[in-house]
Amino acid sequence: MLYILHTYGCQMNVRDSEAVCAMLDASGHRLAPSENEADLIVVNSCSVRGKAEDKALGKLGLLCATKRERPGRVIGLMGCMAQRLGSGIFDKVPGLDFSVGTRRCGAIPRLVARVLAGETNICEISDPADTPDVPDAHTEAGFSAFITILLGCNRRCAYCIVPDVRGPEFSRPAREVVAEIAALARHGVREVTLLGQSVMNYGRTNEVWDASAPASPGGFTEPFARLLEAVAAVPGILRIRFTSGHPSGCTDQLVRAMRDLPQVCHHLHLPVQSGSDRILSLMRRGYTRADYLGAVGRLRDAMPDFALTTDVIVGFPGETEADFEETRSLMGAAAFDNAFIFKYSPRPGTPAADWDDDVSEEEKMRRNQVLLADQDVRGLAANQALVGSVQQVLVEGPSLRNAARWSGRSPGNKIVVFDPRPELTAGTLADVRISRAAPQTLYGDLVP
């Protein structure tokens, strides 16, 4: 069959979709040139915000409607919404053939075969007590790859549905992770991004290093810092990134690993969500404003070129104007290189969903726009400070906006645009002297 996947949500969903594509390829199916030509369509869904679920439901409805003209077309759902709704999804989307939860994506080729054999309304969701199915299959994706190292989350923030749909934390064995990365490196991958809902919790809830593993050359004893060291030792790996972080993970060993391992990029996505201690407590984030800024200070003291990005929620239940101004001031103090601002969206089953959503949509939008405007000024200033510097860029290929120019990313995860040379290839490192800056992009010239 010709197949296509539509992916909504985070990098972990992108990684899950890639694994499903690789498994479908191995089962004899082939990627369709377009949706119209696809006989099998799978939607990988997100439940973090209501709007993401609405998009996936709308897409599924349109796809299932096409079965009137194409009754043999197979439509499936995977991901967080599938896990949250269970078999109830078939009432919402008549004509859907199968639905598979977050820790069972490896079952999709088998479920497709069952549908082709005549079954329908197949629902397979995971039990939180089950060991997750974590496929290590990859497509030929080029020089960069996502690697899931930690599944689930134990934090139970008041607004977040992730622990319910992704389950409790489970860390993959270190040998398994390193072997997967080594295989990718042999096929040309040069950059890896280690993924986890709270990635620096790696190895805290189950054993990941077996007794036969050699001792850490750098003396690292914390599981995540030790894993970074092991991945950095894989031949061919030039860059290591990881996401998403939590201030509690910014330990002395983590800071030292980021500083001393050349392959580890000096960039971290560290969601803060609010700058108000009162709102942070209501959110159950597990840190204070001072804790967060202390973690940022440790990172910046060790790495003067450190780049920091974050997530912020505006309009959380009970957030006053004073709370909002606390968030504005924290964002200035942290000097974020970039920030992703989200309007609060109640999620069913979370503690915050039972609270009065007392900030109006108009006020949420106003606060969102204020923070975005602040960040544009801050981001431009941070990028302008790099004009004249030489950034080592991992080359990605032609720029999305101008195919005559090429782009890549700096260690700080900033997009850098430059004029190419004939000998330049994607996946190589190139030095670029920065000549101009915009809030989200750097421009420069290749250094001979």
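The values are calculated or read from the model by the stated rules, or taken from the named source; none is laboratory data. Bear in mind that the values here come from a model prediction, so they are computed numbers and not experimental data. Methodologically, a virtual Cβ is constructed for each residue, glycine included, from the backbone with ideal geometry; neighbour enumeration extends over all protein chains shown. What goes into the accessible areas is simple: the full protein's heavy atoms, side chains included, and nothing from ligands, DNA or RNA. Shrake-Rupley method; radii C 1.70, N 1.55, O 1.52, S 1.80 Å.
Quick notes
- Yes/no for THR193 being under 29 Å from THR131 (Cβ atoms), modelled with pLDDT of 95 or more, surrounded by fewer than 22 Cβ atoms within 10 Å (Cβ to Cβ) and within 17 Å of the chain's Cα centre (by Cα): yes
- As for segment 33-43, it holds no residue that is within 30 Å of ALA353 (Cα to Cα) and assigned to a helix (DSSP H, G or I).
- One residue stands out in segment 1-35 among those that are within 29 Å of LEU150 (Cβ to Cβ) and among the small types (Gly, Ala, Ser): the one that is farthest from the chain's Cα centre (by Cα), namely SER27.
- Failed criterion for ALA352 (all others in (1) open to solvent by 60 Å² or more (accessible area, probe 1.4 Å); (2) more than 29 Å from HIS266 (Cα to Cα) hold): (1)
- Members of segment 330-349 that are buried (at least 17 other Cβ atoms within 10 Å of the Cβ) and either without any contact (Cβ under 8 Å) to a residue 12 or more places away in the chain or closer than 22 Å to SER389 by Cβ (or both): ALA334, PHE336, ASP337, ASN338
- Among residues of segment 295-323 that are on the phi > 0 side of the Ramachandran plot, those with a beta-carbon under 6 Å from a residue that is of a type outside the set (Val, Ile, Thr) at least six positions away or on a different chain give the pairs GLY315/LYS343; GLY315/TYR344; GLY315/LYS364.
- Yes/no for LEU268 being crowded, with 20+ Cβ neighbours inside 10 Å, closer than 30 Å to SER345 by Cβ and modelled with pLDDT of 95 or more: yes
- Screening LEU371 against (1) surrounded by 15 or more Cβ atoms within 10 Å (Cβ to Cβ); (2) under 21 Å from the mean Cα position of the chain (by Cα) leaves a single unmet condition, (2).
- Residue match in segment 227-234 (condition: buried (at least 22 other Cβ atoms within 10 Å of the Cβ), touching a strand residue (DSSP E or B) at 6+ places or on another chain (Cβ under 8 Å), in contact (Cβ under 8 Å) with a residue 60 or more places away in the chain and in a strand (DSSP E or B)): no
- Taking strands (runs of 3 or more DSSP E) as the structural unit, those lying wholly within segment 328-430 and holding at least 2 residues that are more than 24 Å from VAL48 (Cα to Cα) correspond to 390-398, 406-409, 415-418.
- Looking across segment 250-265 at every residue that is part of a helix (DSSP H, G or I) and open to solvent by 50 Å² or more (accessible area, probe 1.4 Å), the one that is nearest to ASP337 (Cα to Cα) is identified as ARG259.
- LYS59 more than 20 Å from PRO109 (Cα to Cα), open to solvent by 40 Å² or more (accessible area, probe 1.4 Å) and modelled with pLDDT of 95 or more: yes
- Tally of residues being hydroxyl-bearing (Ser, Thr, Tyr) and open to solvent by 40 Å² or more (accessible area, probe 1.4 Å) across segment 374-417: 0
Matching residues to (1) of a type in the set (D, E, K, R); (2) out of contact with any Ser or Thr (no Cβ under 7 Å at 6 or more places or on another chain); (3) under 22 Å from MET23 (Cα atoms):
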| site | (1), (2), (3) |
| --- | --- |
| PRO71 | no, yes, no |
| ALA82 | no, no, yes |
| GLY86 | no, yes, no |
| GLY101 | no, no, yes |
| GLY106 | no, yes, yes |
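- Against the list (1) crowded, with 17+ Cβ neighbours inside 10 Å; (2) closer than 18 Å to ARG166 by Cβ, the condition PHE90 fails is (2).
- Taken together, the residues in segment 166-200 that are out of contact with any Ser or Thr (no Cβ under 8 Å at 6 or more places or on another chain) and either part of a helix (DSSP H, G or I) or over 23 Å from LEU429 (Cβ atoms) (or both) amount to 14.
- Only one of GLY245, GLY275 that is closer than 25 Å to ALA179 by Cα and part of a loop (DSSP other than H, G, I, E, B): GLY245
- Applying the criterion of being open to solvent by 20 Å² or more (accessible area, probe 1.4 Å) and among the acidic types (Asp, Glu) to the residues of segment 273-329, the residue that is farthest from LYS343 (Cα to Cα) is ASP301.
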